[in-house]
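Structure first, commentary second.
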Amino acid sequence: MAIVIVRQDDKILLWKKALKQINPELQVYSFLEDHPINEIEVALVWKHPAGILSKYHNLKYIASSGAGVDFIFEDASVPKHLPITRVVDKMLANDMSEYIIAVIFNFLKNLNSYKLMQTKAIWSSKPYYRICDLKVGILGLGALGSVLAKDLVKFGFNTRGWSASQKNIDGIRSYAGKEQLSDFLAETQVLICLLPLTNKTKNILNKQLFKQLPKGAHIINAARGGHLVDAELIEMIDNGHLSGASLDVFHKEPLEPGHLFWAHEKINITPHCASVSDTDSVAPQIIENYYRMKKGLPLLYLVSKKEGY
Ligand code: NDP
Ligand code: OXD
């Protein structure tokens, strides 16, 4: 009766410590140490090596240690019958909101342009936006997008959101489904992507979508690199339709050294750090689900296999 942590970064010990702190009796193993394969019932994963999970024959479910689960669906060897859970966490949502708000203010006040001008010793001021001038649109009003939407409203931004189903959030104009996407885009000057990466949302940030935004719009992608068609973003910035983009996520991470995004003056890059699961904040829900599984109760934050999120 044990949990195995499978990830390829340096956070395994941190997760182990956070879980053991709640229940020191719990058997928690790193996949890198000697561990009883047949006793493993839960795999707590983040970008695990493909193929590895099929060796745990007594697995009851797979827990993503992040909000996203696309990397689990991408591993064709993951047994199809296993439930998948994901992280829904207040701190994760607040961190994302703070990140996006910082990026929006950067855009509003041209801070990146000034940083660039500083490197060339250029003294020249630019017109700036005010909060009241700007219409902000969020693709995805889920655990993260809905918190961001409420925070943007508190700041006074004119805010709209697009999701699969209609939402009722105070101060937000809600658009739903493919039929309402064009209306949502028509006035959105800052477009934020917080969608899960699924068959339906892959490559959604493409030329055809960008063309429907007003001239000068800014793109923020903090969801997944697979949402964006990189070459079409560059084309639409270079032809002047878009003013620029702020990207936290990429097709291949780390972003490859020669990628055109690195040197593009109108593209801001952060290294997939918008919001990162805090082990102490998230560990209680991992343990809660472990007990639920033991008691045969429904798991929290189950992913829909059909929808892929
Ligand atoms: P949720 O599943 O809670 O929300 C997803 C939202 O997207 C929902 O509102 C859903 O609509 C909407 N949606 C899904 N598919 C479609 C579609 N085809 N058309 C329209 N709307 C759609 O996810 P989270 O908010 O928790 O996370 C979103 C993503 O953010 C994660 O999947 C992950 O990729 C990324 N992320 C990035 C981080 C970073 O550091 N850069 C950190 C954490 C997450 P409905 O509500 O109607 O179902
Ligand atoms: C997540 C992420 O999905 O960090 O949680 O990207």
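The values are calculated or read from the model by the stated rules, or taken from the named source; none is laboratory data. Keep in mind the model is a prediction, meaning the values are calculated, not measured. Neighbour counts run over all protein chains shown; Cβ positions are idealised from the backbone, glycine included. Side chains are part of the model used for accessible areas, which takes the heavy atoms of the whole protein and leaves out ligands, DNA and RNA. Shrake-Rupley method; radii C 1.70, N 1.55, O 1.52, S 1.80 Å.
Restricting the trypsin sites (Lys or Arg not before Pro) of the range 181-279 to loop positions (DSSP other than H, G, I, E, B) with no more than 13 neighbouring Cβ atoms within 10 Å leaves Lys200, Lys211, Lys215, Lys252. Taking all protein chains as they are arranged and a probe of 1.4 Å, the heavy atoms of Thr159 leave approximately 10 Å² accessible to solvent.
By a 1.4 Å probe calculation restricted to protein chains, His81 has an accessible surface near 140 Å², given to the nearest 10.
Think of the range 31-114 as having a plus end and a minus end, set by charges on the Cβ of Lys, Arg, Asp and Glu; of Ala93, Phe107, Phe73, Phe107 sits farthest toward the positive end of this dipole.
Can you tell me how much longer the chain between Lys207 and Gln21 gets when fully stretched, taken as 0.36 nm per residue apart minus their C-alpha distance, in nm with one decimal?
Details: separation 186, 0.36 × 186 = 66.96 nm, distance 4.88 nm.
Residue separation times 0.36 nm, minus the Cα-Cα distance, leaves 62.1 nm.
Computed over the range 252-304, the percent of Cα pairs more than 14 Å apart is 70. Plainly put, the range 116-261 has a radius of gyration that is 0.98 times its Kirkwood radius, both from alpha-carbon atoms, as the Rg/Rh ratio.
Cross-link reach is defined here as a Cα-Cα straight distance under 30 Å, omitting same-chain residues fewer than 8 places apart; for Lys109 the lysines meeting it are Lys90, Lys120, Lys126, Lys135, Lys150, Lys154, Lys207, Lys211, Lys215, Lys266.
When the expected Rg is taken as 2.2 N^0.38 Å, what fraction or multiple of it is the alpha-carbon Rg of the range 136-222?
Details: Rg = 11.8 Å, N = 87, 2.2 N^0.38 = 12.0 Å.
That works out to 0.98 for the range 136-222.
If R₀ is 41 angstrom, what is the calculated FRET efficiency for the pair Asn58 and Glu235, using the beta carbon separation as r and rounding to 0.05? Kindly include the intermediate steps, with their values, before the conclusion.
Working: r = 51 Å, r/R0 = 1.23.
After rounding to 0.05, the efficiency reads 0.20.
Using a Förster radius of 51 Å, what is the FRET efficiency between Ser281 and Ser124 based on their Cβ-Cβ separation? Nearest 0.05, please. Each step should come with its number before you reach the end.
Values: r = 44 Å, r/R0 = 0.86.
For Ser281 and Ser124, the calculated efficiency is 0.70.
A straight chain from Asn110 to Ser30 at 0.36 nm per residue would run longer than the Cα-Cα distance by 24.3 nm.
Please pull out the direction-averaged projected area of the range 220-309, using the convex hull of its alpha-carbon atoms, in nm² to one decimal place.
Details: hull surface 32.9 nm².
Over all viewing directions, the range 220-309 projects a mean Cα-hull area of 8.2 nm².
How much space per residue, in cubic angstrom, does the convex hull of the C-alpha atoms of the chain take up? Spell out each step's value before the answer.
Working: hull volume 46.1 nm³, N = 309.
Residue-normalised Cα hull volume stands at 149 Å³.
Counting only C-alpha contacts under 8 Å and six or more residues apart, can you give the relative contact order of the chain as a whole percent?
On the way: 531 pairs, mean separation 50.5, N = 309.
Computed over the chain, the figure is 16 percent.
Of Leu141, Leu111, which has the most accessible area and how do the rest follow, probe 1.4 Å?
Working: Leu141 10, Leu111 100 Å².
Output order, biggest surface exposure first: Leu111, Leu141.
Considering every alpha-carbon pair of the range 172-251, the percent of pairs per 5 Å bin, from zero through the bin containing the longest distance, is 3, 16, 28, 29, 19, 6, 0.
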